[in-house]
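Undergrad: Got a structure here, written out as structure tokens. Questions coming.
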Amino acid sequence: MKNSKIFDNNFYSTYYYSNIISNILTGDPDTIGFLSNFRENVGSSIFLPYQKESALHSFCRSVISDFLHEDMTAYDEEDWKLCKINSYFKFRPYIDNAFSVFGLNWSFDEFLEGKSNHEFSDLEEYYEEVLITGYFEEVVNRIADEVFYVIFNNRGLMNDFNELVAGNLDLYRNDNEDSDLDVSSLFTSKGTLKRAHIPQWAKNAVFHRDKGQCTFCLKEISGVLTPNSKRHYDHMVPLAEGGLNDVSNLQLLCGTCNQTKGRTRTPPSLKYIKWY
Ligand SMILES: [Zn+2]
């Protein structure tokens, strides 16, 4: 039986895109346009509680899509010119490489078969085909899954993402006034999100990421070594402060630390255990 939790991870440009996402989330002013694109792309669906395609997934996809598009256009134009000058330089579109890494059989060479004169307009046609067929989107989704796998471990970055959304909750709502999706029932009268039930898959993900330990005091609360180990799945950015019901906003805390933190905006712990 196929296990949906197992996937081939190629780590294709993972750190490149992770770094871009980190720069955006830590306030690089050059990246402000990517945030407004994200707001437009995500729609009111960002407020739906605990979707496996989390708010962070949507953010990764939006950013990766924008960057891949930019890179594709910029590099391909340059490389095309170089090929015209140096006939020994074989042209290969930027996205073609990604296709082959992910085993998506849709190369530019195949597209050109049967065409006699290879012109830049062929490449433009290829772009259009790639977008229409959904191959571009497929590559974006694959890269986003790989990026999510890496950055989910970074609690500081998860907090930055949720802080950023929390600080602009009204913008996210206003940007989507025309949306068919009515999310008003998800909000309290104060304009923050109501508490939603945390599904088991989200708890499992956070439990394993945080290794069954309180992220603040590192107390073992896995239930393996000690029977009295109540686990708290705490919202890093509290709901009352604009936090989302999203797996990216959760962290594992013990009872004592959870009580001390209460509903305050305490930064997440940066304590990790070395591999050896
Ligand atoms: Zn603790």
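The values are calculated or read from the model by the stated rules, or taken from the named source; none is laboratory data. Because the structure is a prediction, the values reported are computed rather than measured. No Cβ is skipped: glycine too gets one built from the backbone with ideal geometry, and neighbour counts run over all protein chains shown. These accessible areas exclude ligands, DNA and RNA; they are computed on the full protein's heavy atoms, side chains included. Shrake-Rupley method; radii C 1.70, N 1.55, O 1.52, S 1.80 Å.
Undergrad: Can you work out ³J(HN,Hα) from phi for every residue in the stretch 247-255, in order, using Karplus 6.51 cos²θ - 1.76 cosθ + 1.60 and θ = phi - 60°, giving whole Hz and x for Gly and Pro?
TA: Karplus values, whole Hz, x for Gly and Pro: 4, 6, 9, 9, 8, 8, 10, 7, x.
Undergrad: Which lysines, if any, have their Cα less than 20 Å from the Cα of K84, not counting same-chain residues under 8 positions apart?
TA: Of all the lysines, those that pass the test against K84 - Cα under 20 Å, at least 8 places apart if same chain - are K115.
Undergrad: Name the residue from S229, S189, Q259 whose Cα lies farthest towards the positive end of the charge dipole of the stretch 155-276, charges +1 on Cβ of Lys and Arg and -1 on Cβ of Asp and Glu.
TA: S229
Undergrad: Next question. Pairs K5/K52; K52/K219; K190/K230; K52/K190; K5/K194; K211/K271: which are spaced more than 19 Å apart, C-alpha to C-alpha? Could the numbers behind the result be given before it?
TA: Values: K5/K52 12 Å; K52/K219 28 Å; K190/K230 31 Å; K52/K190 27 Å; K5/K194 29 Å; K211/K271 12 Å.
Listed pairs above 19 Å: K52/K219; K190/K230; K52/K190; K5/K194.
Undergrad: How many angstrom lie between the C-alpha centres of the stretch 224-276 and the stretch 1-21?
TA: 25
Undergrad: Report the trypsin sites (Lys or Arg not before Pro) located in the stretch 62-107 that are in a DSSP loop and have at most 15 other Cβ atoms inside 10 Å of their Cβ, or state none.
TA: Values: sites: K81, K84, K90; in loops: K90.
Counting only loop positions with at most 15 other Cβ atoms within 10 Å, the trypsin sites (Lys or Arg not before Pro) in the stretch 62-107 are K90.
Undergrad: Continuing with this model, one more query. Projected area of the stretch 155-276, taken from the Cα convex hull and averaged over every viewing direction, in nm²? Provide the component values of the computation, followed by the final result.
TA: Values: hull surface 34.8 nm².
That works out to 8.7 nm².
Undergrad: Run through every distinct alpha carbon pair of the stretch 1-151 and return the Kirkwood hydrodynamic radius in angstroms, one decimal place.
TA: Evaluated over the stretch 1-151, this radius sits at 17.1 Å.
Undergrad: Once you sort the root eigenvalues of the Cα gyration tensor of the chain as a ≥ b ≥ c, which label holds: rounded (a/c under 1.5), prolate (a/b larger than b/c) or oblate (the other case)? It would help to have the intermediate numbers written out before the result.
TA: On the way: a/c = 2.51, a/b = 1.84, b/c = 1.37.
It is prolate, given that a/c is not under 1.5 and a/b is the larger ratio.
Undergrad: With every protein chain left in place and a probe of 1.4 Å, what is the accessible surface of S87, to the nearest 10 Å²?
TA: Accessible area of S87: about 110 Å².
Undergrad: Exposed loop GluC sites (Glu not before Pro) only (DSSP loop, at most 14 other Cβ atoms within 10 Å): please give the longest stretch of the chain free of them, not including the sites.
TA: Numbers: sites that count: E53, E113, E119, E177.
Of all site-free stretches, the longest is 178-276.
Undergrad: Starting from the stretch 1-43, pick out the trypsin sites (Lys or Arg not before Pro) whose DSSP state is loop and whose Cβ has at most 15 other Cβ atoms within 10 Å.
TA: Numbers: sites: K2, K5, R39; in loops: K2, K5.
For trypsin sites (Lys or Arg not before Pro) across the stretch 1-43 that sit outside H, G, I, E and B with at most 15 neighbouring Cβ atoms in 10 Å, the list reads K2, K5.
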